[in-house]
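The values are calculated or read from the model by the stated rules, or taken from the named source; none is laboratory data. Small disclaimer: the values here were computed from a predicted structure and weren't measured. For neighbour counting, all protein chains shown are included, and Cβ atoms are generated from backbone atoms with ideal geometry for every residue, glycine included. What goes into the accessible areas is simple: the full protein's heavy atoms, side chains included, and nothing from ligands, DNA or RNA. Shrake-Rupley method; radii C 1.70, N 1.55, O 1.52, S 1.80 Å.
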Amino acid sequence: MRHKFAVIGLGIFGNSIARTLAERGAEVLAIDSEEEYVEDIKDDVAYAVALDATDIRALEAQNIQDMEAVIVAIGEDFEALLITTANLQELNVKRVITRASNKQQRRILEKMGVQEILSPEGEVGKTVAERLLQPSIRTFLPLPDNYEIVEINTPRGIANKSLAKISLREKYNLNMITIKRFFEEIQDGKPTQVEHIIGVPKADTIIYPSDILILIGKKHDVKRFIEVNR
């Protein structure tokens, strides 16, 4: 089944996300209030529509609530971004990802309950698209010759198993660089989950469900590892 996403705001950032998702086989609904941006992308995505995303009825008419995720990439008009985000929340969109251009905007979005906030200064469209298509991937660094370093959530199929039992190198052609693990520590008198690097994993290292794995390998091998063990 094809992934279905909507991207609202087709400036440089939103355009990059929409095109990359479409290139990777996703069904993309691209939305902007400016007709010229819609015209520019209409031949490269499944649907491209010029509408005012601050109008909740216009969004509902596009069945926006049926999307797997909606990315609000509006850049210059923060008020429009806020209203659009609120509309998506009211329509019970499963996953709302919103752009923030600075720390103040991020704080406001956090107070609205937005859990996924993008900072274009630290993100590129291809990275965002990769995270949407492979939710297990937290971050990744492309390398030459189709290799990459990825940071992923522990797939369910390998949780509570030792590194030796997983046979990461033999079965998947991947190498584990390290593991990020959460430990409960007391900070300011309160128990807090703190992330630590556990160093170089050994054969008898057990992978916990809450671990974050940092792997290196070819892109198709990473994808296969995630899909086999999801």
Residue tally, condition of a type in the set (A, V, I, L, M) and part of a loop (DSSP other than H, G, I, E, B), over the stretch 49-68: 3
Number of the exception - ASP32 against (1) open to solvent by less than 80 Å² (accessible area, probe 1.4 Å); (2) at pLDDT below 95: (2)
Near pairs, Cβ below 7 angstrom, 6+ apart or cross-chain, from the stretch 76-91 (in contact (Cβ under 8 Å) with a residue 24 or more places away in the chain) to any residue that is among the acidic types (Asp, Glu): LEU91/GLU60
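Listed here are the residues, each with its yes/no results for (1) in contact (Cβ under 8 Å) with a residue 12 or more places away in the chain; (2) open to solvent by 80 Å² or more (accessible area, probe 1.4 Å); (3) out of contact with any helix residue (DSSP H, G or I) (no Cβ under 6 Å at 6 or more places or on another chain).
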residue	(1), (2), (3)
ASN153	yes, no, yes
ARG156	yes, yes, yes
SER167	no, no, yes
LEU174	yes, no, no
GLU185	no, no, yes
PRO191	no, yes, yes
ILE197	yes, yes, yes
PRO201	yes, no, no
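Hey, among PHE5, PHE13, which residue is in contact with a helix residue (DSSP H, G or I) (Cβ under 7 Å, 6 or more places away or on another chain), of a type in the set (A, V, I, L, M, F, W, C), within 15 Å of ILE97 (Cα to Cα) and open to solvent by 10 Å² or more (accessible area, probe 1.4 Å)?
Details: PHE5 fails: open to solvent by 10 Å² or more (accessible area, probe 1.4 Å).
That would be PHE13, the only listed residue that is in contact with a helix residue (DSSP H, G or I) (Cβ under 7 Å, 6 or more places away or on another chain), of a type in the set (A, V, I, L, M, F, W, C), within 15 Å of ILE97 (Cα to Cα) and open to solvent by 10 Å² or more (accessible area, probe 1.4 Å).
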